[in-house]
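The values are calculated or read from the model by the stated rules, or taken from the named source; none is laboratory data. The model shown is predicted, which means the values in this text are computed figures rather than measured ones. So basically every Cβ, Gly included, is an ideal-geometry build from the backbone, and we count neighbours across all protein chains shown.
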Amino acid sequence: MNDVVTDTQALVWHLVEPRKLGKSARRTFAAADSGKLVCHVPAVVLVEVALLGERGRIRLGVPQVLSTLSSHPGYALLPLDVEQCLEFGALVGIRDPMDRLVAAASRVVRGRLISSDAAFDAHLERIWD
């Protein structure tokens with residue numbers, strides 16, 4: 001299983017403050033940057049980036065994220081689909097709807113999730129430290 005999925009915070013930190021990432025997360029992003037594995041970016045991550053930018057919490061927009069990711073071979077955008085929606089319904093233990101969508105995406109692609117949030121641990125395999 002070489003595919004991974006990123007949550008919003010992990011991707012933003014990778015792009016603007018990589019020192020905040022855990023060691024395993026940093027290595028995983030480096031592998032995606034070089035094309036050694038595929039890092040899926042769920043559509044909801046782009047939505048969250050837009051919302052965080054609107055609220056002034058980050059100085060990064062969707063166009064910059066897309067431009068940066070397109071310059072590296074190991075990233076794939078993951079549109080929201082019916083299979084993820086069905087998985088979303090099964091993840092009632094995750095209260096935040098955005099986190100729940102990211103977890104659903106991770107389960108659908110059968111990939112580990114790059115995230116600092118231990119709340120995901122009960123539902124999937126997480127990469128961080």
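Could you check region 31-76 and list, in sequence order, the residues that are among the small types (Gly, Ala, Ser) and out of contact with any Pro (no Cβ under 9 Å at 6 or more places or on another chain)?
Correct list: 31, 50, 53, 56, 61, 67, 70, 71, 74, 76.
Counting only residues that are in a helix (DSSP H, G or I) and either among the small types (Gly, Ala, Ser) or on the phi > 0 side of the Ramachandran plot (or both), which one in region 1-26 is surrounded by the fewest Cβ atoms within 10 Å (Cβ to Cβ)?
Filtering region 1-26 for residues that are in a helix (DSSP H, G or I) and either among the small types (Gly, Ala, Ser) or on the phi > 0 side of the Ramachandran plot (or both), the one surrounded by the fewest Cβ atoms within 10 Å (Cβ to Cβ) comes out as 24.
Of all residues in region 37-79 being among the hydroxyl-bearing types (Ser, Thr, Tyr) and surrounded by 14 or more Cβ atoms within 10 Å (Cβ to Cβ), which is farthest from residue 107 (Cα to Cα)?
68
Which of the residues spanning region 95-129 are under 17 Å from residue 47 (Cα atoms), surrounded by fewer than 18 Cβ atoms within 10 Å (Cβ to Cβ) and either modelled with pLDDT under 95 or not hydrophobic (A, V, I, L, M, F, W, C) (or both)?
96, 97 - these are the residues of region 95-129 that are under 17 Å from residue 47 (Cα atoms), surrounded by fewer than 18 Cβ atoms within 10 Å (Cβ to Cβ) and either modelled with pLDDT under 95 or not hydrophobic (A, V, I, L, M, F, W, C) (or both).
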